[in-house]
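What follows is one structure encoded as structure tokens, with my remarks underneath.
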Amino acid sequence: MRYGMVVDLKRCVGCQACTVACKSENGNGPGIMYTKVLDQVSGEYPNVRKQFVPVLCNHCKNAPCQRVCPTGATYKREDGLVLVDHDKCMGCRACYVACPYNNRIFLKRGKTKSGYYGKEMTPYEKVKYAEHQDGIVEKCKFCAHRIDEGITETSCSQTCPADARIFGDLDDPESKVSRLIRSRGGRQPLCEDDTDPSVYYLD
Amino acid sequence: MKQNEMVAQKDYWAKSACKMCIHTCAIRAHVVDGVVVKIEGDPDNPGNRGKLCPKGQSGINRLYDPHRVKTPLKRTNPEKGVGVDPMWVPISWEEALSTTAEKLKAIREDDPRKLLVSINDFHRIHIWGWGAAFGSPHYFSTVGQYCGAAYHPTNGILDGAFAAINDYDHCKYWIQIGAGDGFSAHLHLASSIKRMADARVNRGMKLVVVEPRMSAGAAKADEWIATRPGTDRAFVLGMVYTMLYELNVYDAWFMRKHTNGIHLIQKDGNMLRNPENNKAMVWDTATGQARDSDAEMDIQDMALEGSYQVNGVECRPAFQVIKDSLADHTPERMSEICSVSAATIRRIAKEYSDAASIGSDITLDGKEYPYRPAAVNYYRGAIGHVDGGLDALAMKLVNLIVGNIDVPGGHLGVGLNHQQLIIEEGQDGMMKPQPHLLHPPGAFITKPDSFQMIEWYPIGIDPGHLCAANIMDPDHFGYDYQPEALIIEHSNPMWNLSQTPKVKEVFKKLKFIVAIDIVLNESSDWADIILPDLSYLESDLLICIESPMVTGYFYRRPVIKPLYDSRDATDILSDLAERIGFLPNWNGLLNHTCFLAPEYHLEPDKVYSNLELTDRMAKSIYGPDQGLEWFQEHGHATRLLRPDELYMSAAQKGLRIPIYFNFIKEVGEDLDKKMKAAGREWDTSSYLPVPIWRDSHPLHNVDPEYDMYAFAFKEAQSNFSESTTMPWIEEVISCQPIHLGVMINGKTAKAKGIKTGDVLKIESPFGVVEGLARVTEEVHPECIAISNTISRWSRHPVGKRKINTHFNQLLPADVKWTDGMTGHLETATRVKLTVIA
Amino acid sequence: MGRAIPLVEKEFVSGFRQQTEWAWLIASAFFFGKVGSGLFIMSVVLDSRLGMLVGLLIVLVGKGGAHFLYLGRPWRFWRGMARPNSAWIARGIWAMSFMMAAGFLLLLLPMSSALYMPLAVFASICAFVVAVYDGFLLTSSPAIPIWNSALMPVLCMFYSFLGGTTMVLFMKHMGFMQLDEKFAAFLPTLEIGLLVANLLIVLMFLMGSINTGSAGRESFDLLVKGPYALPFFSLAIGVGLVFTLLMSVFGGAHAGAGTVALITVADLVGHFFIFFLLLKIGVFKPVLGFLKI
Ligand SMILES: Nc1nc2c(c(=O)[nH]1)N[C@H]1C(S)=C(S)[C@@H](COP(=O)(O)OP(=O)(O)OC[C@H]3O[C@@H](n4cnc5c(=O)[nH]c(N)nc54)[C@H](O)[C@@H]3O)O[C@H]1N2
Ligand SMILES: Nc1nc2c(c(=O)[nH]1)N[C@H]1C(S)=C(S)[C@@H](COP(=O)(O)OP(=O)(O)OC[C@H]3O[C@@H](n4cnc5c(=O)[nH]c(N)nc54)[C@H](O)[C@@H]3O)O[C@H]1N2
Ligand code: SF4
Ligand code: SF4
Ligand code: SF4
Ligand code: SF4
Ligand code: SF4
Ligand SMILES: [Mo]
């Protein structure tokens, strides 16, 4: 079992529904985005090419973030998820500089104490921010809490109107992700770093 | 589950409907301990199939916005103005309603026309007529005119439809002109992105996007073609010329069988009619004579081309007239106008007509249909201009030529509501034109009564943008009264109307403004009384708006108990109607707008709650067993449209559709006659039966010192601009380059010495704004493009950028700059730029 | 269009991104760690108890304090010792702890003690690890190519020696340290030698970084042409190495306490800034390198 995601760059329309769905699902406060969709523009008018590139934690098989973590807060699960134990992390940010994908986010002190409208939090913020700690590093968790509840679809892939984010088991050759990677030639980001990411891109 | 049972649970998912844009995706909200913690798409719905766009995802922000209006409010600062704090104080509903009713009652007794009305709630179309029931003819806002005034009537005339879309499931060559369908905006975005992606990736559909800006769609397209704003008709007519004169491809069978292309037209453009029975006539090549159009004839023998003499009258088949009218629309000439090379126009015309595979058929659900998998789809960008009616006709024409209207793979009508397409028999075996699906046309009068002059736009949809000019200069068209009050519901005229400086003057003039709103905006900042509406997650409604591929009602249900002391807008308006004293009119209107069957008609003098109304509406449409309770138990009543509902609606009833728009010409001539009789000067020259290019377009005849074009756009993240008050949206867009400033092309910027981050003075002949320059390759070199998301100045604390650029300040808003045929306002303008910092 | 791949901050644009988390506190920790352990090792060699004490305190208070202040959850610092098998930070904390334990114990022991020599060696090795582990920490990170250089630990080592030497010189001239004459005479030469060596290593490091791929090149450009060029050339190189070198050669350690103090300050400024700037110019690679930009 190794959970992974296929991002179909042909399908993605850059709508950022995933970005917002992730914030909503995880109760991420101001500035915290586990995923986002980047513009990649090349060429000169009128020969311009524009791609939308969703990025998120790749849940690398050889995760540098895990290797450098001195506390063991960053750990790897049997199912391939790379997660951070909030109670163990001391906020040294070694993982931040070690992640080649720049996917780790440090929550400054006080970050979980105020919401988008300041100290007075909305009912939603009150409930959801309680799931976070400040002074630690966070990142996309492949919606581990959903998986643990038996929902094997992440919030971002669930909402993606283009079906550009497909979640599934990379170890199962018959899963949709495996089939897509085979048929469309999925590529891992920065594979030269030997991190063996669990996110594949189809272009 | 009953409402009170549902909300009593500790942890539940409640199904409802999104309202973060004009459309309605099915949602489900996760509620834990009374708090909405997540909104997802309803996975069971055939429309959006579990998907939501970012605005839909952000609904939680709207619900829990601490700046929501929580109680009725009264202004205590008599001074009004931009940025002026109204110093709201909470008041009771009784005080708010009685004060409002008292003011409006006095006005109604004096002259009901002194009330301006701005009700834009697209989900509650049934309340749009509240002003009319009050006795006011005005519409002081814009929905349709900024986007669809030139679009909806032509769909109504051609398909009995309100909107239109290409066939997501079968199209193979999709040309998209000035529209965000499937990528960024327009019909049911969250559903359409998926359908479009499936078509592109699974079926390999080829996509060509025609836009002065690299929209999301253009980014995904196989080809992006950049036009000058307001010239798409030229591009399309160049295609039509190529097809008719160079490639010689057109669907003759379709034209003979299903259109009026065979009807004989006289030299003056009017129909040739049999003097004996007034029937339209066609030329029978078998017998060499003109016959009644309903005469038995072999379809092959109906002449499409040629010139004939009938009883000494020279006439040609309508198709020939179309062809002749376009004889000088060569790609070379069109290229000069739209800035797309003639070679590209020709190539696209060729690819398009090849892909249309004229003559082929497809069998769906056991039934054979013509199969034309190539179509042109378009919306606001393409037709939001002076001569927009002709733009729309041109877009229709290029579809008609390949015979793709309402057939698999082609261009399909989309209904306004559950009624879907309205196909009725009209004259000459034709489908009856339905240009007015929202409300009946304003009857002609010699002096316009409404400030938006709807009486003089017999095909159009209320050109609300004309109000301000007419209010500020009443003598010009002879208004002998002045407005005193304004009622606003789900609308932001101060933001959405063009030529904002004039709109501001109107606001200044008004003695009393009441707004039904949930978060204050640029307009309600000027109100005297605010009445808080329920948010969509707290209210009941049956809705079905322009949903492509799907039909039936979505059920918006309260997913939690209302958070504040708010009331449903429908209830507020009913209460006001009673207090002011026109409840019978109001109830009478609701009978109609809620589709109430006679047995459910409202008693004239009783106030009905929104719940009661919803129940009656449900039962009227679905039968006595399917009232509100059914919807509470089962949720939405939506389903996919069947092929026989999607395709060939007019043909199934044996009716022809127009390719020659004599209806429009006739309406124009009628208007012209009436205007002349009234001694009015009025330009009816755009009521043409065949779309042609007209050099008179004011946009292209501006003083050359205004050397750039300017236009505004939406993207998936934005709804107009209101969504910028949602922190999740604001956070995302403040990281996206296209929303970070006024887009200007790299070469142009260089020539003008403009760099990203420069503060620009942007001046049109009609107004001035400032903006931050954003140099990019993603826009036509002659244009600046302005995202709606950088245009706010309301007092709401979220979404305030360093410099906001309110595009509408730059737009004109008068008769000259309004499409004569449809009343569409001009949505592009010309500007000059100066770097000021 | 100028540069094809942009350097981006918070904008949603694919391109190079600068690391933003490790900045002046981490630079301070690196700085104090190296100066302190350098001084400690030199003092062990020179048998200066005061020097050892000062070295230990610089590491404990300066480095330890900076790290402590930096941590998001400071009181969980002890958790950082959990994974020395893979994490350089854990190794660093262990090394620092051993250095402290051994170092302070050493101060308590008489020179004559049989334990003294082994303990001194052990403490010095720990101090050496403290001085260079952050070099390995940076090298082992694949994410930021300019850090990913084998010269990083060497750079750390030489700066540590330089810092230690400067500090010894300073303490001697201030009269805090009595030194063996032989050593005292050798010190200025050592200082000059180390300054020259550091200059060379910085140069080699920079030359090497040109070839660390596009992101490394971006870092390099930031340092020598971009916004960091001014502090780099003026403070890290100018003040820290060239000025000190000139002062040492022409004024030299004989010119009196004032000059030595100036050299010391200049050296420390340069030392701090070189690591501060090397952190600042850390640039990640664009994520989807294979998508042609
Ligand atoms: N520059 C520019 N101008 C445009 C456009 C553009 O693209 N660019 N688009 C044009 C088009 S196509 C249209 S349709 C119009 C739309 O113009 P509007 O209909 O005015 O736009 P909205 O922002 O949807 O709604 C107006 C206000 O409704 C209030 N509101 C939101 N939710 C609720 C609710 O649940 N109940 C009540 N009572 N009020 C609510 C909010 O205060 C909001 O500001 O704008 C037009 N104007
Ligand atoms: N995301 C989102 N979806 C929505 C809405 C929303 O607010 N947000 N609102 C709904 C409403 S009311 C409407 S009216 C529709 C609007 O739906 P669309 O018409 O699809 O959206 P717009 O962005 O207003 O305009 C379409 C495009 O026209 C381009 N354009 C401007 N001028 C020209 C021109 O002269 N020629 C051409 N070819 N293109 C031009 C703009 O760059 C823009 O990309 O969307 C509906 N759906
Ligand atoms: S939701 Fe899907 S289509 Fe939209 S930006 Fe994210 S990945 Fe792309
Ligand atoms: S992408 Fe970064 S954070 Fe995620 S597992 Fe890989 S190295 Fe760790
Ligand atoms: S910040 Fe937390 S997760 Fe990251 S390396 Fe340090 S302890 Fe581990
Ligand atoms: S998988 Fe879950 S946590 Fe990760 S980006 Fe998607 S929604 Fe966010
Ligand atoms: S498209 Fe409109 S209705 Fe659908 S999720 Fe987005 S905002 Fe809501
Ligand atoms: Mo609209």
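For segment B:201-312, what is Rg from Cα atoms divided by 2.2 N^0.38 Å, rounded to two decimals?
1.53
Would you mind checking the radius of gyration and Dmax of the protein assembly as shown based on alpha-carbon positions, in Å?
Values for the protein assembly as shown (Cα only, Rg and Dmax): 36.4, 136 Å.
Hey, which of these cross-link pairs are over 28 Å Cα-Cα: A:LYS176/B:LYS38; B:LYS70/B:LYS761; A:LYS36/A:LYS61; B:LYS19/B:LYS508; A:LYS36/B:LYS504?
Beyond 28 Å: B:LYS70/B:LYS761; B:LYS19/B:LYS508; A:LYS36/B:LYS504.
To make sure I understand, if each residue's beta carbon is the centre and we count other beta carbons within 10 Å, what order do B:TRP130, B:TRP13, B:TRP693 fall in, fewest to most?
Taking fewest neighbouring Cβ atoms as first place, the list is B:TRP13, B:TRP693, B:TRP130.
Residue separation times 0.36 nm, minus the C-alpha to C-alpha distance between B:LYS267 and B:GLN289: what's the value?
Separation in residues times 0.36 nm, less the Cα-Cα distance, equals 6.1 nm.
In nm, to one decimal, how far is the modelled label at B:ALA837 from the one at B:ASP683, with both set 7 Å along Cα→Cβ?
If labels sit at B:ALA837 and B:ASP683, their model points lie 3.9 nm apart.
If you take the charge dipole of segment B:639-764 about its Cα centre, with +1 on Lys and Arg Cβ and -1 on Asp and Glu Cβ, which of B:HIS697, B:ILE657, B:VAL732 is farthest toward its positive end?
Comparing the listed Cα positions along the dipole, B:ILE657 ranks first.
In segment C:7-290, how does Rg compare with the Kirkwood Rh, expressed as the Rg/Rh ratio over alpha carbon atoms?
0.99
Given axes a ≥ b ≥ c from the Cα gyration tensor, I'd like to know whether segment C:144-293 is rounded (a/c under 1.5), prolate (a/b larger than b/c) or oblate.
Since a/c reaches 1.5 and a/b is larger than b/c, the shape of segment C:144-293 is classed as prolate.
Suppose R0 equals 51 Å; then what is the FRET efficiency for C:LEU25 and B:ASN202 from their Cβ-Cβ distance, rounded to the nearest 0.05?
0.45
When the Karplus curve 6.51 cos²θ - 1.76 cosθ + 1.60 is applied with θ = phi - 60°, which whole-Hz ³J(HN,Hα) does each residue of segment B:735-746 get, with x for Gly and Pro?
Residue by residue, segment B:735-746 yields 10, 9, x, 5, 9, 9, x, 7, 6, 9, 5, x Hz.
Distance in nm between label sites at B:ALA751 and C:SER86, each 7 Å beyond Cα in the beta-carbon direction?
5.8 nm
Neighbour counts of other C-beta atoms within 10 Å: give me B:SER92, B:SER58 arranged from fewest to most.
Ordered by Cβ neighbours within 10 Å, fewest first: B:SER92, B:SER58.
Using R₀ = 41 Å, calculate the FRET efficiency as 1/(1 + (r/R₀)^6) where r is the Cβ-Cβ separation of C:GLN178 and C:MET204; round to 0.05.
0.65
To the nearest Å, what is the center-to-center distance of segment B:590-623 and segment B:803-823, using C-alpha atoms only?
Each part reduced to its Cα centre gives a spacing of 39 Å.
What do you get for the angle between helix B:610-622 and the principal long axis of chain B? Use alpha-carbon atoms, 0 to 90 degrees, nearest ten.
30 degrees
Is there a quick way to get the dipole size of the protein assembly as shown? I mean about its Cα centre, with the Cβ of Lys and Arg at +1 and of Asp and Glu at -1; what is the value in debye to the nearest 20?
With Lys and Arg at +1 and Asp and Glu at -1, about 4960 debye.
Is there a quick way to get the dipole size of segment C:7-290? I mean about its Cα centre, with the Cβ of Lys and Arg at +1 and of Asp and Glu at -1; what is the value in debye to the nearest 20?
That gives segment C:7-290 a dipole magnitude of about 660 debye.
Which of A:HIS59, B:ALA96, C:MET99 sits farthest toward the positive end of the charge dipole of the protein assembly as shown, with +1 on the Cβ of Lys and Arg and -1 on the Cβ of Asp and Glu?
Checking the options against the dipole of the protein assembly as shown, the answer is C:MET99.
Over all directions, what mean area does the Cα convex hull of segment B:131-244 project, stated in square nanometres?
9.5 nm²
Taking every DSSP beta bridge that has both residues in chain B, what percent is antiparallel when rounded to the nearest 5?
60 percent
Amide H neighbours of B:ILE27 under 5 Å, at least 5 residues apart or on other chains, H built in the peptide plane: list them.
B:SER16, B:ALA17, B:CYS18, B:ASP42
Relative to the Cα centre, what is the charge dipole magnitude of segment A:1-142, using +1 at the beta carbon of each Lys and Arg, -1 at the beta carbon of each Asp and Glu, and rounding to the nearest 20 debye?
200 debye
From other protein chains only, count the Cβ atoms within 10 Å of every residue's Cβ in A:70-82, then give the mean.
3
Which pairs break 21 Å Cα to Cα here: B:LYS367/B:LYS619; B:LYS114/B:LYS676; B:LYS15/B:LYS714; A:LYS23/A:LYS128?
B:LYS367/B:LYS619; B:LYS114/B:LYS676; B:LYS15/B:LYS714
Could you pull out the chymotrypsin sites (Phe, Trp or Tyr not before Pro) across segment B:335-386 that fall in loop regions by DSSP (anything but H, G, I, E, B) with no more than 14 other Cβ atoms inside 10 Å?
In loop regions of segment B:335-386 (DSSP not H, G, I, E or B), there are no sparsely surrounded chymotrypsin sites (Phe, Trp or Tyr not before Pro).
At 7 Å along Cα-to-Cβ for each site, give me the label-to-label distance between C:LEU115 and B:SER696 in nm.
10.6 nm
How shielded is C:277-284 by partner chains, expressed as the average number of their Cβ atoms within 10 Å of its Cβ atoms?
So the per-residue partner count for this stretch is 1.
If amide H atoms are built 1.01 Å from N in the plane of the peptide, which residues on other chains or at least 5 residues away come under 5 Å of the amide H of C:GLN19?
Sorted by chain and number, the residues that satisfy this are C:GLY282, C:VAL283, C:PHE284.
Considering the options C:VAL242, B:PRO493, B:HIS329, tell which one lies farthest towards the positive end of the dipole of the protein assembly as shown, charges being +1 on Lys and Arg and -1 on Asp and Glu at the Cβ, about the Cα centre.
The residue sitting most towards the positive pole is C:VAL242.
For segment C:7-290, what number of Lys pairs, 8 or more residues apart or on separate chains, have alpha-carbon atoms under 26 Å from each other?
Lysine pairs satisfying the spacing and distance rule in segment C:7-290 number 12.
Just how far, in whole angstrom, is segment C:113-164 from segment B:482-498 if you go by their alpha carbon centroids?
A separation of 71 Å, based on Cα centres.
Name the long-range amide H neighbours of B:PHE451: under 5 Å, sequence gap of 5 or more, or other chain; modelled H, no Pro or chain starts.
B:TYR139
Rg and Dmax of chain B, using alpha carbons, in Å: what are they?
Both quantities, over Cα of chain B: 26.3, 84 Å.
Show log10 I(q)/I(0) for segment A:39-144 at q = 0.15, 0.18, 0.23 Å⁻¹, two decimals, from a solvent-free Debye sum over equal Cα scatterers.
-0.73, -0.90, -1.18
Mind pulling the angle between the C-alpha long axis of helix B:569-580 and the longest principal axis of chain B? Nearest 10 degrees, somewhere in 0 to 90.
Tilt of helix B:569-580: around 80 degrees.
Please give the Cα centre distance for segment A:102-122 versus segment B:426-461, rounded to the nearest Å.
With segment A:102-122 and segment B:426-461 each reduced to a Cα centre, they are spaced 55 Å.
Taking a spot 7 Å from the Cα of B:GLU109 along the direction of its beta carbon, which residues of segment B:551-592 have an amide N less than 13 Å from it?
B:580-581
Tell me, what are the semi-axes, in whole angstrom and largest first, of the equivalent ellipsoid of segment B:629-753 as set by the roots of 5 times the Cα gyration tensor eigenvalues?
39, 36, 17
Roughly how compact is segment C:226-266, stated as its Cα Rg over 2.2 N^0.38 Å to two decimals?
The reported ratio for this selection is 1.28.
Which of C:LEU155, C:LEU262, C:LEU60 moves most in a GNM of chain C, Cα contacts under 10 Å?
C:LEU262
Please state the relative contact order of segment C:7-290 as a whole percent: Cα pairs under 8 Å, 6+ residues apart?
Here the relative contact order equals 25 percent.
Here, each number is a calculation from the coordinates, and none is a lab measurement. Everything numeric here is computed off the predicted structure, so don't read it as measured data. A quick note on method: Cβ atoms are made from the backbone with ideal geometry, for glycine too, and the neighbour counts reach across all protein chains shown.
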